[in-house]
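What follows is a set of notes on a single structure, which appears directly below.
The values are calculated or read from the model by the stated rules, or taken from the named source; none is laboratory data. Please read all numbers here as calculations on a predicted model, not as lab measurements. Cβ coordinates were reconstructed from backbone atoms using ideal geometry, including for glycine residues, and neighbour counts include every protein chain displayed. SASA here: full protein model, heavy atoms, side chains in, ligands and nucleic acids out. Shrake-Rupley method; radii C 1.70, N 1.55, O 1.52, S 1.80 Å.
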Amino acid sequence: MPTLRIEHSAPDYDAWKASFDSDPLDRKGSGVRSYRVMRAADDPNYVMVDLEFESHAEAEALLAELHKLWDRVQAAGLIGSPAGRILDAVETVDL
């Protein structure tokens, strides 16, 4: 199951979270099966989001749409230095 990992700064986390929660790209309709939002322990204005998909094609399509969205929200100062990468889990161990 591929994961799209997104990372960027969010100078105003509350404003960013409100925007994220408004779901401008329709996560469920785009194939997202689950997601996790994380903040860096040493910088609460640095956000990481993992979006899980059934297929690489769905993850790649949403990443392409995110690039368009990032251009708009970055210009508005909502995020800084966005990056996205599609990952494949190769091992998961519960201890």
Fill in the blank from the handout: Within region 46-60, the residues whose backbone N lies under 15 Å from a label point placed 7 Å from the Cα of Tyr35 along the Cα-to-Cβ direction are 47-54, 59-60
Fill in the blank from the handout: Phi angles of region 42-59, converted by Karplus (6.51 cos²θ - 1.76 cosθ + 1.60, θ = phi - 60°) into ³J(HN,Hα) in whole Hz with x for Gly and Pro, give 9, 7, x, 9, 10, 10, 10, 10, 10, 10, 9, 10, 7, 9, 5, 4, 5, 5
Completion exercise
Note, Glu7: beta-carbon cut-off 13 Å, +1 each Lys/Arg, -1 each Asp/Glu, net +2
Completion exercise
Once Ala83 and Asp42 are pulled to full extension, the length gained, defined as 0.36 nm per residue separation minus their Cα-Cα distance, is 12.9 nm
Exercise for the section: Using only protein heavy atoms and a 1.4 Å probe, report how much of Asp42 is accessible, in Å² to the nearest 10. Expected result: 140 Å²
Exercise for the section: Answer rounded, prolate or oblate for region 1-59, using the Cα gyration tensor with square roots of eigenvalues a ≥ b ≥ c: rounded when a/c is under 1.5, else prolate when a/b is larger than b/c, else oblate. Expected result: oblate
